[in-house]
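A short write-up of the structure that comes next.
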Amino acid sequence: MTKRTLKRLDYKPLDFTATQVDLQLNLDLPVSRVQSKIKVKRLNTEATSFVLDGQKLNLLAVKINGQDWSAYVLEDLEGVDGFQNLKIDVSSLSEPQEFTLEIENEFNLEENLSMSGIYLSDKVIVSQCEAQGFRRITFYFDRPDCLAVFTTYLETNDSYEYLLANGNLLESGSLNNGRKFAKWHDPFPKPSYLFACVAGNFEVLDDYFITKSGRKVKLRLFAEYGRLEQIRFAMEAVKRAMKWDEDRFGLEYDLDIFMVVGVAYFNAGAMENKGLNIFNDELLVGCKDTVTDDSLFSIDSVIAHEYFHNWTGDRVTCRDWFQLTLKEGLTVFRDQEYSSDTVNRTMKRIDDAEEIQAYQFNEDKSPLSHPIRPDEVESQDNFYTSTVYEKGAEVIRLLHTLIGEEKFQQGMKLYFERHDGKAVTCEDFVEAMADASGYNLDHFRLWYSQSGTPEVKVTSEYDPQTKVQKVTFVQETAPTFDQQEKQPLTLALKTHFLTPEGQTLTNLVDLQGKAIPELLVFETKELVVEIANQEQELIVVTNLDFSSPVRVIQQTTSSQLATVAAHCQNLYGKYFALKEYYNSIFRLNEENFVRNSQAQLEVDEHFATIYKNLFALALEDASFTSAVLRFHNVSNAITSANKAVNPLVYAQIDKAIKTKLYQDYKVQLEGIYAQLPFRTWEYNSLHFGERALRDQLLSLLTISQENQELVEQLYTQASCYNDKHAVIKAIINNDLSALDYLVDKFALEYQDTASCLDELLTLRLKNAKSVAQVEALLANAKQFSITKPNSLYTLIRGLRLNLNLFFTKEGIEYIKELIIKVDKNNPGVSPYLCRSFANYDLYLDPFRQMVIDALEDLITNHTFSRNATEILNKAFEAQKNNCQVRE
Ligand code: ARG
Ligand code: ZN
């Protein structure tokens with residue numbers, strides 16, 4: 001496929017724009033018909049023609065001001081994606097400043113398996129337009145800077161009970177020919193990516209919310225039949241989010257109705273269409289009896305995320321897709337704050353830091369590295385990354401840390417004052433923040449354009465003579481695949497100094513007697529902090545609460561880690577000391593395990609104290625302890641290694657560590673397990689923590705096939721899905737085959753809940769021994785469908801976790817075939833599969849080479865969508881460049 005690199009700096013405003021769109025959609029199978037009446041306004045008086053975007057459309061008619069118009073060219077662009085340009089010449093118009101353009105076209109709804117545009121999810125007709133799905137509906141200025149007021153008329157046969165679109169309902173009713181209609185109007189100008197429509201039959205939950213100015217907003221949730229009890233939680237989340245946005249950001253909802261629809265076939269998590277959010281039903285449907293606590297937490301935060309987009313995304317949107325982080329980074333920051341305020345701030349911070357370190361840091365190191373505001377891309381769809389979202393949120397958080405909550409809120413206010421109803425850039429956002437806070441953010445802006453993870457090296461020298469401790473922080477960002485030159489960034493490092501006994505010292509002063517602040521802010525390469533009057537060398541614990549998205553490199557001894565783990569007042573500091581220690585066990589044992597996979601695990605003298613202390617705290621802070629146990633897993637160890645490793649050896653070491661923990665702390669762990677209470681279910685951090693700890697402990701206690709009676713007991717005692725899920729996890733991961741009957745029971749009990757069956761399938765795939773077994777599992781999974789995104793995510797998740805199968809010839813072959821098959825129908829999902837092959841630098845040969853060979857075969861012998869091609873090519877090219885550098 002020929003390259004078609006899009007560049008941020010090539011942005012050109014539209015010559016013509018739409019101001020009003022009257023859309024008439026006759027939603028029928030297999031083919032649907034569209035009439036679009038667009039009020040077009042000329043913005044550039046020189047211009048005499050314009051181009052509309054289309055994809056796989058059948059054009060029927062073009063009219064201007066009611067007259068048939070033949071001065072157009074329809075161009076089919078090259079490639080498998082079916083992109084089209086409709087170029088319309090209006091030079092012969094006497095009044096080209098403003099005119100009405102009518103387009104009539106058809107598209108094949110039934111054959112659209114891309115889950116983009118308008119498509120079928122089971123029996124529901126549903127749309128997904130971000131980023132460029134609208135062009136699969138009709139020819140349009142399908143870019144975010146074209147803002148128009150939409151009126152949507154939907155017509156279907158009368159088997160669909162609900163016909164929904166953005167905004168407020170104007171009228172609806174039956175037509176006498178067995179058909180029905182509904183007409184919706186959204187008064188807020190919006191880009192096409194926020195358009196939505198739905199036709200289907202649903203279980204509906206109604207409620208309302210009174211806004212702070214006293215307006216009554218109707219709330220409606222739509223899900224599959226029979227799920228009423230399972231959307232009550234989401235409804236509570238909607239109301240919680242609406243209230244929180246008023247309280248914390250002063251932002252009030254603006255339409256008369258807010259609707260959320262859940263569908264089974266959906267590429268992404270959810271979508272913030274104005275007034276009509278559409279969700280992957282896994283992120284909408286669930287209650288304590290059908291989903292894990294983690295899933296409920298996700299439902300809560302994604303509901304909030306999409307709702308928050310109403311202001312940060314819909315009211316103020318992005319000028320072009322390079323600015324995606326403008327809405328996503330900011331909205332992720334907002335949903336993180338929501339979860340922090342409503343559940344548990346520290347644990348949320350730890351989870352988010354974990355996530356970014358596990359995924360985003362890898363992305364930075366990989367051939368797919370890019371800044372949060374990228375400069376170039378082949379396909380817009382490939383922007384929905386951990387960098388744009390999660391690192392984007394960290395950059396907003398850093399800004400928040402630098403200027404403080406009050407100034408930040410003033411900045412938000414100014415941002416809305418200036419840009420409400422507009423499509424703007426990241427630059428506009430930063431400017432509003434700078435102007436409102438009076439803080440000079442010139443240097444800070446580099447975070448938007450520079451990719452890569454800064455490393456901060458922390459070194460310390462203590463002089464017993466002068467009693468001065470000199471601590472040096474040096475930041476350096478290594479060149480990334482996309483960008484060679486790097487500069488120092490604005491950093492804020494929350495730092496504590498601990499005595500060797502573990503006491504956190506405050507009131508430290510430098511040589512001039514000036515107080516050393518807790519937050520160290522600098523934008524130079526190096527920062528030196530000299531601490532005066534110290535009788536002994538202090539332990540430096542920095543980047544607490546992940547105050548900047550950097551990797552800290554520090555020579556901390558095991559003994560220091562043990563001190564921090566035991567005494568640090570900041571839980572984040574404690575957590576990462578424990579994690580660092582866990583990772584150090586891998587380094588210590590690597591060589592031995594390479595030589596002998598059955599080697600005896602070696603640990604140093606601090607192991608015993610560290611884990612004894614950890615478990616002593618377990619009942620007091622179950623959330624924390626369970627989170628610590630959760631990072632005890634091989635994927636985590638591999639991504640934290642910061643060098644290429646043998647993944648299979650790492651898996652063995654991980655197992656050996658867990659076995660040792662069990663053997664050494666058996667009695668203590670059994671005691672804790674027995675004391676964990678079974679409480680009446682509530683959505684709060686305390687309950688979450690206890691159940692999470694029960695889950696972690698059950699797996700640990702059964703690692704050597706012992707304690708199987710605990711598993712049976714838990715299944716009987718369980719009063720929520722989380723506990724039942726813990727049961728099947730322990731049975732399958734620890735191969736407790738005598739208890740397989742419980743797994744069967746589970747499968748029967750949840751036979752109607754796809755998400756539960758998917759979780760079961762993930763566990764089984766993770767432990768499958770061969771591709772034949774994988775295929776048998778899929779054949780027997782009735783919820784599985786090769787066209788269903790959630791099925792594919794389950795499959796690839798299971799395979800990625802199954803290191804022993806992933807790194808075999810047949811395993812890799814299987815994933816290759818999968819990519820080829822999936823990409824034909826759904827280029828929204830295939831890039832996600834392709835990404836499994838982009839992180840080969842994490843692995844030593846022969847594992848690395850196996851992945852590279854797979855990439856080479858895919859690229860040389862097959863053709864893919866633009867989305868997949870970009871990922872595969874980048875991944876493969878980088879390896880070639882890399883080799884050249886090495887030689
Ligand atoms: N805007 C949506 C959200 O983050 C995600 C849309 C995903 N679209 C895509 N093409 N991947 O809330
Ligand atoms: Zn979003």
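A few notes on this one:
- Extension gain for the segment E455 to K212, taken as residue separation times 0.36 nm less the Cα-Cα distance, is 83.0 nm to one decimal.
- Entry note, the chain: relative contact order of 9 percent, from Cα contacts under 8 Å with a spacing of 6+ residues.
- Dipole magnitude (debye, nearest 20) for the chain, charges at Cβ of Lys, Arg, Asp, Glu: 80 debye
- Estimated dipole of the range 300-374 in Debye, rounded to 20 [Cβ of Lys and Arg +1, of Asp and Glu -1, Cα centre]: 280 debye
- Cα centroid separation - the range 526-602 against the range 468-518, whole Å: 15 Å
- Considering only trypsin sites (Lys or Arg not before Pro) in DSSP loops that have at most 14 other Cβ atoms within 10 Å, the longest stretch of the chain without any of them is 216-421.
- Cα long-axis angle, helix 847-861 against the chain (0 to 90 degrees, to the nearest 10): 10 degrees
- Considering helices alone, the calculated mean residue ellipticity of the chain at 222 nm is -12500 deg cm²/dmol, with DSSP H runs of length four and up weighted by -39500 (n - 2.57) and normalised per residue.
- Taken as Cα centroids, the range 804-826 and the range 366-438 sit 36 Å apart, rounded to the nearest whole angstrom.
- For the range 1-135: Kirkwood Rh in Å [reciprocal of mean 1/r, alpha carbons]: 16.3 Å
- Binned Cα-Cα distances of the range 170-312, short to long, each 5 Å bin given as a whole percent: 2, 9, 19, 22, 20, 15, 7, 3, 1, 0, 0
- Average projected area [Cα convex hull, the range 482-608], square nanometres: 10.8 nm²
- Spread over its residues, the convex hull of the C-alpha atoms of the range 129-244 is 140 Å³ per residue.
- One compactness figure for the range 60-182 is 1.22, namely its Cα radius of gyration divided by 2.2 N^0.38 Å.
- Separation of the range 10-35 from the range 650-706 is 55 Å, based on Cα centroids.
- For the range 146-213, the fraction of alpha-carbon pairs in successive 5 Å shells from zero, as %: 4, 15, 21, 19, 18, 14, 6, 2, 0
- Radius ratio Rg over Rh of the range 423-477, counting only Cα atoms, Kirkwood formula for Rh: 1.25
- Dividing the mean sequence gap of close Cα pairs (under 8 Å, 6+ apart) by how many residues the range 318-404 holds gives a relative contact order of 46 percent.
- Under 13 Å, Cβ to Cβ, from I257 - net charge with Lys/Arg +1 and Asp/Glu -1: 0
- Summed over all non-identical Cα pairs, the Kirkwood treatment of the chain gives a radius of 29.2 Å.
- Rounded D (µm²/s) - the range 201-260, Kirkwood Rh over Cα pairs, Stokes-Einstein at 10 °C, 1.306 mPa s: 132 µm²/s
- Degrees separating the helix 754-766 axis from the principal Cα axis of the chain, which is the longest one: 50 degrees
- Angle between the chain longest axis and helix 685-701 axis [Cα atoms, degrees, rounded to 10]: 60 degrees
- For the listed residue pairs K612/K658; K612/K655; K467/K494, the alpha carbons are over 21 angstrom apart in K467/K494.
- The range 660-765: relative contact order as a whole-number percent, Cα under 8 Å and 6+ apart: 21 percent
- Couplings 3J(HN,Hα) for the range 773-780, derived from phi with the Karplus relation 6.51 cos²θ - 1.76 cosθ + 1.60 (θ = phi - 60°), are 5, 4, 5, 5, 4, 5, 4, 8 Hz, where x marks Gly and Pro.
- Beta bridges by DSSP in the chain, antiparallel share as percent, to the nearest 5: 80 percent
- Cα shape, the range 244-378, gyration tensor, a/c 1.5 rule: rounded
- Using bins of 5 Å that start at zero, the share of Cα-Cα pairs per bin across the range 779-887 amounts to 2, 12, 23, 24, 20, 11, 5, 2, 1, 0, 0, in whole %.
Each reported figure results from applying straightforward, stated rules to the coordinates on display, with no laboratory input. The structure presented is a predicted model; accordingly, all values stated were derived computationally and were not measured. Cβ atoms come from the backbone with ideal geometry, glycine included; neighbour counts cover every protein chain shown.
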